[in-house]
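The values are calculated or read from the model by the stated rules, or taken from the named source; none is laboratory data. What you see is a predicted model; the values in this text were computed from it and never measured. Positions of Cβ are generated from backbone atoms using ideal geometry, with glycine treated the same way; all protein chains shown enter the neighbour counts.
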């Protein structure tokens with residue numbers, strides 16, 4: 001018996017940001033990431049009958065998304081046709097002699113572990129945002145993650161500034177409690 | 001004392017200033033009032049530090065999400081396909 005039900009009507013609301021965040025850490029381009037997420041939803045819809053209910057909807061969608069991301073990299077690799085290895089440290093380059101400096105490891109460079117932790121943290125944040133009431137989640141995302149101006153949000157959602165601050169305050173308080181429990 | 005210029009503010013107002021400060025939207029005077037309030041109010045001090053921690057964490061995570069319009073577009077596209085599929089038995 002399936003333990004998890006599938007309901008595509010809510011997919012976009014529930015998972016699009018989560019999937020997008022997952023994708024954007026793997027492909028660095030917003031447009032491509034968006035296309036991949038959209039493709040994932042379509043693919044999910046097509047193969048809905050294969051959903052066995054063994055995992056949650058989100059896990060299932062992520063597994064589709066992973067394939068999509070791999071396919072994306074395969075495609076751009078085959079477009080290139082051949083491995084391009086170009087190291088231009090020959091004498092006719094203007095930067096002759098600069099190579100050593102360029103190749104020294106950057107001590108402030110992010111390590112793989114840092115990146116991994118950031119990805120997980122991003123997903124944890126999205127998990128917490130998902131638990132917020134819809135309006136709070138929306139305002140919080142616009143203000144904190146997308147960095148919109150207060151006025152822009154007020155115009156778009158048709159609320160007053162003081163209303164916005166109340167919503168922000170509630171959202172922040174809930175987010176603090178949620179991250180406290182799940183992350184720190 | 002006029003209501004606007006008092007130095008000691010309620011916790012509510014301090015919280016409001018604290019939230020504003022997280023987005024760099026608090027005025028200098030609001031920040032001063034917040035700092036004074038925090039000096040004697042333990043609960044707000046805790047909240048203020050937690051609040052700053054939240055901002056820092058989110059900045060560090062480089063979390064990203066879809067823009068409202070893009071999400072709307074995605075939703076419309078998806079619902080079209082969904083409808084098509086539901087019509088076919």
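Surrounded by fewer than 19 Cβ atoms within 10 Å (Cβ to Cβ), under 17 Å from the mean Cα position of the chain (by Cα) and more than 11 Å from chain A (Cβ to nearest Cβ), is that true of residue B:31? Step through it out loud before you land on a result.
Numbers: surrounded by fewer than 19 Cβ atoms within 10 Å (Cβ to Cβ): yes; under 17 Å from the mean Cα position of the chain (by Cα): yes; more than 11 Å from chain A (Cβ to nearest Cβ): yes.
Yes, satisfied.
Taking residue B:25 and the conditions (1) surrounded by 12 or more Cβ atoms within 10 Å (Cβ to Cβ); (2) within 12 Å of chain A (Cβ to nearest Cβ); (3) assigned to a helix (DSSP H, G or I), which numbered condition does it fall short on, given that it satisfies the others? Answer for residue B:25: the failing condition is (3). What pairs can you find where one residue is in the range A:40-62 and at pLDDT below 75, the other is surrounded by 13 or more Cβ atoms within 10 Å (Cβ to Cβ), and their Cβ atoms are less than 6 Å apart, with a gap of 6+ or different chains? Between residues of the range A:40-62 that are at pLDDT below 75 and residues that are surrounded by 13 or more Cβ atoms within 10 Å (Cβ to Cβ), the close pairs are A:53/A:4. Of the residues that make up the range B:69-89, is at least one free of Cβ contacts under 8 Å to residues at least 40 places away in the same chain, assigned to a loop (DSSP other than H, G, I, E, B) and within 7 Å of chain A (Cβ to nearest Cβ)? Scanning the range B:69-89, I find no residue that is free of Cβ contacts under 8 Å to residues at least 40 places away in the same chain, assigned to a loop (DSSP other than H, G, I, E, B) and within 7 Å of chain A (Cβ to nearest Cβ), so the answer is no. Answer yes or no as to whether residue A:121 is at pLDDT 85 or above and surrounded by 14 or more Cβ atoms within 10 Å (Cβ to Cβ). In short, no.
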